[in-house]
């Protein structure tokens, strides 16, 4: 019986860990071309940081770079 309880505890713990909130509230980063709204994730997941919206003067790759730079800046505590 305790074996089944241990398996249940591990399963519930795993599901709880999967449901953690990794996203931060959207962040607006000012650029010379206009604001970029970024979805940042936990500091260990900077590569997931992405733009939600950005000015037409920027292409998507530039907006992604801006968001990742902001994630790294926040990770370093600057």
* Structure fact -> The correct count of residues that are closer than 12 Å to residue 31 by Cα and in contact with a strand residue (DSSP E or B) (Cβ under 7 Å, 6 or more places away or on another chain) in region 59-78 is 4
* Which one is farthest from the chain's Cα centre (by Cα) among residues in region 1-24 that are modelled with pLDDT of 55 or more and under 30 Å from residue 73 (Cα atoms)? -> 20
* Give the number of residues within region 25-38 that are touching a helix residue (DSSP H, G or I) at 6+ places or on another chain (Cβ under 9 Å) and modelled with pLDDT under 95. => 0
* To do: Provide a single number: the residues in region 46-69 that are within 17 Å of the chain's Cα centre (by Cα) and in contact (Cβ under 8 Å) with a residue 24 or more places away in the chain.
  => 6
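The values are calculated or read from the model by the stated rules, or taken from the named source; none is laboratory data. The shown structure was predicted, so the numbers you read here are calculated from the model rather than taken from an experiment. No Cβ is skipped: glycine too gets one built from the backbone with ideal geometry, and neighbour counts run over all protein chains shown.
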